[in-house]
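The values are calculated or read from the model by the stated rules, or taken from the named source; none is laboratory data. Quick caveat: nothing in here was measured; it's all calculated off a predicted structure. In this analysis, Cβ positions are derived from the backbone assuming ideal geometry, glycine residues included, and neighbour counts consider all displayed protein chains. Heads up: the accessible areas ignore ligands, DNA and RNA and are worked out on the full protein's heavy atoms, side chains in. Shrake-Rupley method; radii C 1.70, N 1.55, O 1.52, S 1.80 Å.
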Amino acid sequence: KGKSKRNSAETDATTRPAAEASRSSHPGILQNFSCTSRFCIVSLIGAMFGFGLGSGFLTGEFLTGSTAWRIKLGRRIRASYIYTVLAGEESAFADTSSGNNPSNPMVYAILREAIVRESGGFVHPDLGILQPAPSGAMRGLGMVRDSWHQCQGTCLPGIRQEKLAIQRNETEPNELKQFRQEEVLVKVPLTYQMTRYVALDTLLPLISAEVQRKASIHELDDAALLVLLLAHERGVGKFSRWFPYISSLPSQPSCGYAAELRPFLLDSMQALRDEVGLDVNGWPSELLKASQYAERIASGLARDYGTFLQHPKGVSADQNIQWALCQVASRATAGSQEYGALRMVPLMDMINHDADAGGFVELMGKERLADGDFIDAKEEDVGTFVVRSLRHGRRKALKVGQELLVNYNVPHYSALDWFISLGFVPPERWNKWQKIDSALPRVRRDMPFGAFDSDGSKDPSNMEAKSEL
């Protein structure tokens, strides 16, 4: 018994230092939590410092716009696989059924959402893509349903007279059994238009100072700047603000000098000659000249600025700029000089041409219903493009299946000009014609000029018209 006690005492003496050493080498839960908390705080401070420095908040550069290296760094981070996994990004355009088809309803829905989210943006909810279009084109914009109109007709005024009557408290909304269809079908604000100034703001941080001294982009006209902007944003891809719009553009532009479409265009010339009787003598040589001229322009832009732009994978700078050049030539819209004489207006370039339809209307921010205009515009609506459904100057409500059409309003274009720039010849140019300048000054008979009689009083019969570009 004494021996066992002695052995037990010896065991306790030998195990006590080992236990104490074990406790000292393994911190407790509180100690672990304290170390982890300190690590988290230091990591959080480091992350905040890095974010402040990278975003420019610490240096104050966020007020003057992003610099080139920040733009490149941000794109590299967003393009990384780790960022995609952590952010859980799944683009609707990743599916080949929608991403490679610019006429897919999902592509249109996302583009429409991008427009209506802008301040003042509006697209009639019943509008959609008609494929093929009733006008004969591959696709067009028209009424695909009437559900929103059925709701609007019971609670919201649609035309100027109804809006003005409610504005003047002459009629309560519930007193009318049915309002007429909303006449403003598309409204794209200036903030979602590709303009010269958007191009300069985007491209200037990308192009080196040395190139700017030799070939300043300030000296380029609006068309060239839009070409560079469109080509670059196409290369940026899904991280571009313009990705919904670029996804709606055809992969094969419809301009007449597109190299990929040349065999089909030559067949179209023969069809115009045989079926319509159009004189196409000399058109092939003119088309070849236009193609060579476009190639020289694209090569020059690619040589000077191509290395500073982003391009899609597998597409050279020259090919990307040629694609953008063809898109701008066939889809750009003329506007006021103050906000860009030439612009790319998303969704509106989906609307097909009809000589008897109304045109694109650019708001000046001073339009008032009380003054005979069809809309009450705000000051921030300056530069906004609006489309209504008009036929021979009169409002035309659209039913399901009917297409929204506009007049491209290029009366000085010959049949060859139409064919080279837009890839088709409208019916009004099928016959022989010659432009004759009037000997007398042109008299404006549309709104607001057409709303007045010769004595200066307003003519109610002309109140439905509107000044159009």
task: Could you give me the residue pairs with C-beta distances under 8 Å whose first residue belongs to region 179-199 and is without any contact (Cβ under 8 Å) to a residue 12 or more places away in the chain and over 20 Å from Glu113 (Cβ atoms), whose second residue is outside any helix (DSSP H, G or I) and open to solvent by 10 Å² or more (accessible area, probe 1.4 Å) wherever it lies, and which are 6+ apart or on separate chains?
output: none
query: Given the residues Ala271, Ala302, Ala298, Ala294, which is the only one that is hydrophobic (A, V, I, L, M, F, W, C), in contact with a Ser or Thr (Cβ under 9 Å, 6 or more places away or on another chain) and in a helix (DSSP H, G or I)?
result: Ala302
- request: Among the candidates Thr64, Thr84, Thr154, single out the residue that is surrounded by fewer than 12 Cβ atoms within 10 Å (Cβ to Cβ), among the polar types (S, T, N, Q) and modelled with pLDDT under 75.
  value: Thr64
Output for region 320-337, where each listed residue is surrounded by fewer than 16 Cβ atoms within 10 Å (Cβ to Cβ) and either under 19 Å from Ser291 (Cβ atoms) or in contact (Cβ under 8 Å) with a residue 24 or more places away in the chain (or both): Ser336
- line: Counted residues in region 347-362 being buried (at least 21 other Cβ atoms within 10 Å of the Cβ), part of a loop (DSSP other than H, G, I, E, B) and on the phi < 0 side of the Ramachandran plot come to 3
query: more than 19 Å from the chain's Cα centre (by Cα), loosely packed, with under 14 Cβ neighbours inside 10 Å and either at pLDDT 75 or above or of a type outside the set (Lys, Arg) (or both), is that true of Ser97?
result: yes
message: Against the condition open to solvent by 40 Å² or more (accessible area, probe 1.4 Å) and modelled with pLDDT of 90 or more, how does Leu185 come out, does it pass?
response: no
message: Looking at the structure I just gave you, is Phe385 modelled with pLDDT under 95, open to solvent by less than 30 Å² (accessible area, probe 1.4 Å) and under 30 Å from Ala258 (Cβ atoms)?
response: no
query: Is it the case that region 403-416 has a residue that's farther than 30 Å from Arg273 by Cβ, in a loop (DSSP other than H, G, I, E, B) and small (Gly, Ala, Ser)?
result: no
message: Just to be sure I understand, how many residues within region 105-135 are open to solvent by 30 Å² or more (accessible area, probe 1.4 Å) and without any contact (Cβ under 8 Å) to a residue 40 or more places away in the chain?
response: 8
- prompt: So is Ser135 among the hydroxyl-bearing types (Ser, Thr, Tyr) and over 18 Å from Leu404 (Cα atoms) or not?
  reply: no
field: Every residue from region 252-290 that is touching a residue at least 12 places away in the same chain (Cβ under 8 Å) and open to solvent by 90 Å² or more (accessible area, probe 1.4 Å)
entry: Asp279
- prompt: When you go through Asp349, Asp356 one by one, which is the residue that is touching a His at 6+ places or on another chain (Cβ under 7 Å) and closer than 30 Å to Pro134 by Cα?
  reply: Asp356
- request: Just give me the residues in region 218-231 being buried (at least 19 other Cβ atoms within 10 Å of the Cβ) and either in contact with a helix residue (DSSP H, G or I) (Cβ under 7 Å, 6 or more places away or on another chain) or among the aromatic types (Phe, Trp, Tyr) (or both), in sequence order.
  value: Asp222, Ala224, Leu225, Leu226, Val227, Leu228, Leu229, Leu230, Ala231
